[in-house]
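Below: the structure, in structure tokens.
Here, each number is a calculation from the coordinates, and none is a lab measurement. Remember, predicted model here, so these are calculated numbers, not experimental data. FYI the Cβ positions are ideal-geometry reconstructions off the backbone, even for glycines, and counts take in every protein chain you see.
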Amino acid sequence: MAILSKTNVHSDPVAKCVEARSYYFENSKKLFKGGLVMDVLIFVVGVLIGCIFMAIISRVKSVGSLRVDTSDPDDSPYLFLELSKDVDEIYKKKYVTLTVNTKNFIPHE
């Protein structure tokens, strides 16, 4: 940490910033003594929290499902739109999220 006189610190905003930054880094080293292992652990926990958050948000914002029926091998797949919300509510949105269900709904004999 650079030694700065009290008059310079109070009058110079750059010196205040440098002093605050060096104080923060000194105290953060004391707080996180784990080093690389702690950094990786914090990163992994952050990624897991982000994945869980996005899974919850995608389920909440889903407006229905897109059912793909591939039971007829000679024909192209049939697509069905099943909405769980009112159509008027969907018109107001620019983008919607659908859950895709790929399943053969007509059994083969």
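State the extension gain, in nm to one decimal, for the chain segment bounded by T70 and I90, taking 0.36 nm per residue of separation less the distance between their alpha-carbons.
Values: separation 20, 0.36 × 20 = 7.20 nm, distance 2.69 nm.
Full extension of this stretch gives 4.5 nm more.
Could you derive backbone 3J(HN,Hα) for the range 60-68 from the dihedral phi with the Karplus parameters 6.51, -1.76 and 1.60 (θ = phi - 60°), listing whole Hz in sequence and x where the residue is Gly or Pro?
5, 7, 5, 9, x, 9, 10, 8, 10
By DSSP, what percent of the beta bridges with both residues in the range 32-102 are antiparallel, rounded to the nearest 5?
Percentage antiparallel, nearest 5: 50.
What ³J(HN,Hα) values, in whole Hz, does the Karplus curve 6.51 cos²θ - 1.76 cosθ + 1.60 give for the range 83-93 when θ = phi - 60°, with x put for Gly and Pro?
9, 9, 10, 5, 5, 4, 5, 6, 4, 6, 8
I need the phi-derived Karplus couplings for the range 43-50: 6.51 cos²θ - 1.76 cosθ + 1.60, θ = phi - 60°, integer Hz, Gly and Pro marked x.
4, 5, 4, x, 5, 5, 5, x
With +1 on each Lys and Arg Cβ and -1 on each Asp and Glu Cβ, and nothing else charged, work out how big the dipole of the range 32-102 is about its Cα centre, in Debye to the nearest 20. Don't skip to the end; give the middle numbers.
Working: 8 positive and 9 negative charges, 129 e Å.
With Lys and Arg at +1 and Asp and Glu at -1, about 620 debye.
Report, by chain and number, residues whose modeled amide H sits under 5 Å from the one on G64, excluding near sequence neighbours (fewer than 5 apart, same chain).
It is S84, T99, by chain and number.
Looking only at the range 51-70, which residues have a backbone nitrogen under 20 Å from a spot 7 Å from the Cα of L81 in the C-beta direction?
It comes to 59-70, nothing else.
Please list the non-local residues whose amide H lies under 5 Å from the amide H of S71, H modeled 1.01 Å from N, same-chain partners needing a gap of 5 or more.
Correct list: Y78, F105, I106.
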